[in-house]
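Peer 1: Dropping the structure in here first, questions after.
The values are calculated or read from the model by the stated rules, or taken from the named source; none is laboratory data. These figures come from a predicted structure and were not determined experimentally. Cβ sites come from the backbone with ideal geometry, for glycine too, and all protein chains shown count toward neighbours. Surface accessibility is based on the protein's heavy atoms, side chains included, excluding ligands, DNA and RNA. Shrake-Rupley method; radii C 1.70, N 1.55, O 1.52, S 1.80 Å.
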Amino acid sequence: MLSLSRRWLRITPAVCRFASSHAHSPSDSKNARIMRILEKRIEERKRLSSELSHDMSSSADIIRLKQLKESEPLQAAWDEYTRTRQLLDETTALFEDSDEAMRALALEEHQSLSTSLTSLISSHIPSLLIPPSPTTHLSAMLELKSGVGGSESSLFLADLMRMYLRLANSRRWHTSVVSQNENEGGGIKDALVEVKGDGAYEALRWESGVHRVQRVPATEASGRVHTSTVAVIVLPLVEETDSADALFSMDDVKIEVMRARGAGGQHVNKTESAVRLTHIPTGITVSMQDERSQHQNKRRAFTVLRSRLMDLKISREIAERRATRQSLVRTADRSEKIRTYNYAQERVTDHRIGLTLKNLSSVLEGDGLQDFIDALQKDHAESVLEDMLSAE
Amino acid sequence: MASKLLSILATSLGPTQARLELKWMQQQARHPAQLTEMVTRRSRGEPLQYILGSQPFGPLNLLTRPPVLIPRPETEHWVIKLADRTSASPTSPKSLLDLGTGSGCIPLLLCHLLPQGSLRTHGVDISPQALDLAKENAAVCGIPPSSPGSCARNTRNTFTATLGNFLDPMFSEDATIDPPYDIITCNPPYIPWHEYLKLPRSVTAYEDPKALFGGPTGLDFYHAIAHLVRQTNFIRPGAVVALEVGHNQAQDVERIMRVHAHVRDTEIWPDPWGKQRTVLAHL
């Protein structure tokens, strides 16, 4: 492409104003802001490399080199941008060429260059500018609680849980059901599932909120459509070995056993392993009774406590950012109804992004959920970008 | 069918406990008939741990078999605490004697929790059934016996067990034990006679009375231990004696250790339910 354009340039060096006479679309000003941010970063790179000492003697050099290395993809994107821009100008010059075939070729070339420039500015460069999320590598703790709708809510909870376990399986995440309470009329009243694997939290965090189902329950004889809900809470899973120490001090955690045991010891051989933790500063309590060993219940309860505190820390950080930067990042309000599964219409609608998939079974039993997650992640990335632009 | 089994269990256990226990049985039962049998046995008062054949103890999963005493959560709690308080390393390994070892739970958990090569444990019990189970548990937990007579340092923590009666006044001369020790642990039978009638059937009808009854006052075995501790060269200076006690015996046992074993430094640890459960004597 490059050599072709150069050849044309030699034929007709005239310059045309055609390209810049395009009408301004709303995305133009956004793109301009994106490019301003990139330009700033490139200037910063120049400053950094000019500050490097000749013999690399200072320790600050190492930091500078590291920063330069990290921003190399930005430089590459900038170089590609300027190159494409230049080619575009050169091509534009050919619009007034006397040869009709040449003009047609130039037009074609111009279109293809415009397309790559647009995708460079609207998707590639923003993805480089968005700071990496600190939660990228975290695993997730998935909590499901039946809401309104009685038994039907529990039946739907079991469906949702299968949907998540299937997704985890296809993403090669390792799952284990930490606790689960069956409903006597069928289904599951509540469940706690550990989802271990890279990116599990990053993908599943958008599932937090109220999921609503509209269908005729299997238990309903009259064929009337019921509406029930299940609440989903996705927490970041913090491993014991992670820097969890900073999350709480052991002195702040009250550990209680759940029942009176009489004389205890040799006098009693009943299994009473339930444990409750209370984190005094936040008032968070975690109860665990699913294991036969008190020791194991305690370990699991601490895992959940760490997740809750980590979640609290993340939401607090988001709130702080919002307070300082007028962030447009949406709140993760867990009482908010986020999605509806309508069986009669065979559709699933996500209310946050207004996305509807007309194939309900593909969401519950196929790849449909991944489509929602992709769309939600993209939406999030855009709002982070908006946030960055408005802070500019 | 599950709801029928649940209601059978709920009659004797209450609804919450019944749901939990049914779930644990379901996780283990290989077919419906086995589950029904488990529920029937449980509703007759058999301990859940004997029906399932195991009991978690710290990170270990120990085998349980009648009539050997089922490891209790109170014991699990103080043994983990003892492990936290014990400084042992391969360069200064420690030697431990567990009196009335039963399932082997105390020395096995300590072997599991302390650094490898830092602990050599030996359990004695008067019951051959207990010894068999303790050795099986050691195998299940991957804890090897130490090679007898060899002075060579073990690279792993070890467990051995022999038949023995520590009520016998000549016990310290027993050829199968190898004093002096750095740590003595014991969960001796401590239930006094007058409390026998108040015990649940799941205890009296299934667990070994020899592991439960500590004489008229429940204190017989503590006197025997005090006698042992006083023997010359039975324990090393700086040794620790950790004794589990019944719900109202801590003061009595502390006095026995101070008066009869001449120990000046003692402490009492509560269990998670707030009962004074363990008496520690520091020599």
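Peer 1: Go through A:152, A:143, A:202, A:220 for me and flag whichever is more than 12 Å from residue A:232 (Cβ to Cβ), outside any helix (DSSP H, G or I) and of a type in the set (Asp, Glu).
Peer 2: Working: A:152 fails: outside any helix (DSSP H, G or I); A:143 fails: more than 12 Å from residue A:232 (Cβ to Cβ); A:202 fails: outside any helix (DSSP H, G or I).
On inspection, the qualifying residue turns out to be A:220.
Peer 1: Which residue pairs have Cβ atoms closer than 6 Å, lie 6 or more positions apart in sequence or on different chains, and pair a first residue in region A:263-274 that is within 7 Å of chain B (Cβ to nearest Cβ) with a second residue that is of a type in the set (Ser, Thr, Tyr)?
Peer 2: These pairs meet every condition: A:269/B:202; A:273/A:293.
Peer 1: Of (1) under 15 Å from residue A:143 (Cα atoms); (2) open to solvent by less than 30 Å² (accessible area, probe 1.4 Å), residue A:217 satisfies all except one. Which?
Peer 2: (1)
Peer 1: Which of the residues spanning region A:270-311 are of a type in the set (A, V, I, L, M) and at pLDDT 90 or above? Before the answer, list the steps.
Peer 2: Kept after step one, since they are of a type in the set (A, V, I, L, M), are these residues of region A:270-311: A:274-275, A:277, A:280, A:284, A:286, A:288, A:301, A:304-305, A:309-310.
Hits for region A:270-311 are A:274, A:275, A:277, A:280, A:284, A:286, A:288, A:301, A:304, A:305, A:309.
Peer 1: In region A:253-262, how many are within 11 Å of chain B (Cβ to nearest Cβ) and either open to solvent by less than 20 Å² (accessible area, probe 1.4 Å) or outside any loop (DSSP other than H, G, I, E, B) (or both)? Talk me through it step by step, then tell me what you get.
Peer 2: As a first pass, look at region A:253-262 and keep what is within 11 Å of chain B (Cβ to nearest Cβ): A:255-262.
Within this subset, residues satisfying the condition of being either open to solvent by less than 20 Å² (accessible area, probe 1.4 Å) or outside any loop (DSSP other than H, G, I, E, B) (or both) are A:255-257, A:261.
Qualifying residue count for the region: 4.
Peer 1: Separate question: State which residue is most open to solvent (accessible area, probe 1.4 Å) when the search covers only region B:22-50 and only residues that are within 29 Å of residue B:83 (Cβ to Cβ) and part of a helix (DSSP H, G or I).
Peer 2: Of the residues in region B:22-50, the ones within 29 Å of residue B:83 (Cβ to Cβ) are B:24, B:27-28, B:47-50.
With the extra rule that they be part of a helix (DSSP H, G or I), the set shrinks to B:24, B:27-28, B:48-50.
Values: B:24: 11, B:27: 135, B:28: 76, B:48: 1, B:49: 8, B:50: 13 Å².
Out of the qualifying residues, it is B:27.
Peer 1: Residue B:127 passes all but one of (1) at pLDDT 95 or above; (2) open to solvent by 10 Å² or more (accessible area, probe 1.4 Å); (3) among the small types (Gly, Ala, Ser); which number fails?
Peer 2: Status for residue B:127: all satisfied but (2).
Peer 1: Considering region A:84-114 alone, what residues qualify as being within 17 Å of residue A:35 (Cβ to Cβ) and open to solvent by 60 Å² or more (accessible area, probe 1.4 Å)?
Peer 2: A:85, A:86, A:89
Peer 1: Mind telling me which of the residues A:191, A:203 ends up being modelled with pLDDT of 90 or more, open to solvent by less than 20 Å² (accessible area, probe 1.4 Å) and out of contact with any Asp or Glu (no Cβ under 8 Å at 6 or more places or on another chain)?
Peer 2: Working: A:191 fails: out of contact with any Asp or Glu (no Cβ under 8 Å at 6 or more places or on another chain).
Result of the check over A:191, A:203: A:203.
Peer 1: Let me ask another. Within the group A:170, A:176, which residue is of a type in the set (Ser, Thr, Tyr) and more than 14 Å from chain B (Cβ to nearest Cβ)?
Peer 2: Details: A:176 fails: more than 14 Å from chain B (Cβ to nearest Cβ).
Result of the check over A:170, A:176: A:170.
Peer 1: Specify which of the listed residues (B:74, B:136) is over 22 Å from residue B:234 (Cα atoms) and buried (at least 24 other Cβ atoms within 10 Å of the Cβ).
Peer 2: On the way: B:136 fails: buried (at least 24 other Cβ atoms within 10 Å of the Cβ).
None of the other options fit; the residue is B:74.
Peer 1: Something else now. Answer with yes or no whether residue A:340 is assigned to a strand (DSSP E or B), modelled with pLDDT of 90 or more and either open to solvent by less than 20 Å² (accessible area, probe 1.4 Å) or not assigned by TED's automatic domain parsing to the domain that holds residue A:210 (or both). So that I can check it myself, show each step before the final result.
Peer 2: On the way: assigned to a strand (DSSP E or B): yes; modelled with pLDDT of 90 or more: yes; either open to solvent by less than 20 Å² (accessible area, probe 1.4 Å) or not assigned by TED's automatic domain parsing to the domain that holds residue A:210 (or both): yes.
Against the criterion (assigned to a strand (DSSP E or B), modelled with pLDDT of 90 or more and either open to solvent by less than 20 Å² (accessible area, probe 1.4 Å) or not assigned by TED's automatic domain parsing to the domain that holds residue A:210 (or both)), residue A:340 qualifies.
Peer 1: With (1) under 27 Å from residue B:128 (Cβ atoms); (2) in contact with a Gly (Cβ under 7 Å, 6 or more places away or on another chain) as the list, and residue B:52 as the residue in question, which single condition is left unmet?
Peer 2: (2)
Peer 1: Quick check on region B:3-28: of everything there that is charged (D, E, K, R) and within 9 Å of chain A (Cβ to nearest Cβ), which residue is farthest from residue A:185 (Cα to Cα)? Spell out the reasoning first.
Peer 2: Of all residues in region B:3-28, those charged (D, E, K, R) come to B:4, B:19, B:21, B:23.
Next cut, within 9 Å of chain A (Cβ to nearest Cβ) only: B:19, B:21, B:23.
Values: B:19: 14, B:21: 19, B:23: 16 Å.
It comes out as B:21.
Peer 1: Among the residues of region B:265-283, which ones are part of a strand (DSSP E or B), open to solvent by 70 Å² or more (accessible area, probe 1.4 Å) and away from every other protein chain (no Cβ under 14 Å)?
Peer 2: Result: B:265, single match.
Peer 1: Just the residues that are small (Gly, Ala, Ser), without any contact (Cβ under 8 Å) to a residue 40 or more places away in the chain and not in a strand (DSSP E or B), please, taken from region A:275-318. Step through it out loud before you land on a result.
Peer 2: Taking region A:275-318 first, the residues small (Gly, Ala, Ser) are A:283, A:287, A:293, A:301, A:307, A:315.
If we keep only those that are without any contact (Cβ under 8 Å) to a residue 40 or more places away in the chain too, we end up with A:283, A:287, A:293, A:301, A:315.
Matches in region A:275-318: A:283, A:293, A:301, A:315.
Peer 1: Restricting the search to region B:237-246, which residues are more than 15 Å from residue B:99 (Cβ to Cβ) and modelled with pLDDT of 95 or more?
Peer 2: From region B:237-246, those more than 15 Å from residue B:99 (Cβ to Cβ) are B:237-238, B:246; that's our starting set.
Within region B:237-246, just B:246 meets the criteria.
Peer 1: Starting from residues that are hydroxyl-bearing (Ser, Thr, Tyr) and open to solvent by less than 60 Å² (accessible area, probe 1.4 Å), keep the ones in region A:55-81 and report whichever is nearest to residue A:121 (Cα to Cα). Please lay out each step first, then the result.
Peer 2: Filtering region A:55-81 down to residues hydroxyl-bearing (Ser, Thr, Tyr) leaves A:57-59, A:71, A:81.
Applying the additional criterion that residues be open to solvent by less than 60 Å² (accessible area, probe 1.4 Å) yields A:58, A:71, A:81.
On the way: A:58: 37, A:71: 17, A:81: 8 Å.
Per the stated criteria, the residue is A:81.
Peer 1: Turning to a different aspect of this structure: Among the candidates B:29, B:33, B:2, which residue alone is touching a residue at least 12 places away in the same chain (Cβ under 8 Å), of a type in the set (Gly, Ala, Ser) and farther than 20 Å from residue A:258 by Cβ? Working first, answer last.
Peer 2: Numbers: B:29 fails: touching a residue at least 12 places away in the same chain (Cβ under 8 Å); B:33 fails: touching a residue at least 12 places away in the same chain (Cβ under 8 Å).
The match here is B:2.
Peer 1: Could you grab the pairs with beta carbons closer than 9 Å, sequence gap of 6+ or different chains, first residue in region B:39-56 and over 11 Å from residue B:24 (Cα atoms) and within 10 Å of chain A (Cβ to nearest Cβ), second one open to solvent by 20 Å² or more (accessible area, probe 1.4 Å) and charged (D, E, K, R)?
Peer 2: Once the first residue is over 11 Å from residue B:24 (Cα atoms) and within 10 Å of chain A (Cβ to nearest Cβ) and sits in region B:39-56, its partners that are open to solvent by 20 Å² or more (accessible area, probe 1.4 Å) and charged (D, E, K, R) give B:47/A:270; B:50/B:41; B:50/B:65; B:54/A:292; B:55/A:292; B:56/A:291; B:56/A:292.
Peer 1: Within region B:89-123, how many residues are over 27 Å from residue B:208 (Cα atoms), in contact (Cβ under 8 Å) with a residue 60 or more places away in the chain and either open to solvent by less than 50 Å² (accessible area, probe 1.4 Å) or touching a helix residue (DSSP H, G or I) at 6+ places or on another chain (Cβ under 9 Å) (or both)?
Peer 2: Start the filter on region B:89-123 by keeping residues that are over 27 Å from residue B:208 (Cα atoms), which leaves B:89-95, B:113-120.
With the extra rule that they be in contact (Cβ under 8 Å) with a residue 60 or more places away in the chain, the set shrinks to B:90, B:93-95.
Now drop any that are not either open to solvent by less than 50 Å² (accessible area, probe 1.4 Å) or touching a helix residue (DSSP H, G or I) at 6+ places or on another chain (Cβ under 9 Å) (or both), which leaves B:95.
Final tally of qualifying residues: 1.
Peer 1: Answer yes if at least one residue in region B:154-164 is more than 14 Å from residue B:97 (Cα to Cα) and touching a residue at least 60 places away in the same chain (Cβ under 8 Å), and no otherwise. I'd like the intermediate steps shown before the answer.
Peer 2: First, pick out the residues of region B:154-164 that are more than 14 Å from residue B:97 (Cα to Cα): B:154-156.
Retained after the next criterion (residues that are touching a residue at least 60 places away in the same chain (Cβ under 8 Å)): B:154-155.
Within region B:154-164, one or more residues are more than 14 Å from residue B:97 (Cα to Cα) and touching a residue at least 60 places away in the same chain (Cβ under 8 Å).
Peer 1: Something else: Run residue A:250 past the list (1) away from chain B (no Cβ under 14 Å); (2) open to solvent by 30 Å² or more (accessible area, probe 1.4 Å) and report the number of the one that doesn't hold.
Peer 2: All conditions pass for residue A:250, except number (1).
Peer 1: Shifting gears a bit: Would you point out the residue of region A:272-313, among those that are open to solvent by less than 40 Å² (accessible area, probe 1.4 Å) and among the charged types (D, E, K, R), that is farthest from residue B:54 (Cα to Cα)?
Peer 2: A:311
Peer 1: When you scan region B:169-215, how many residues do you find that are open to solvent by 70 Å² or more (accessible area, probe 1.4 Å) and either within 30 Å of residue B:93 (Cα to Cα) or more than 13 Å from chain A (Cβ to nearest Cβ) (or both)?
Peer 2: Final tally of qualifying residues: 6.
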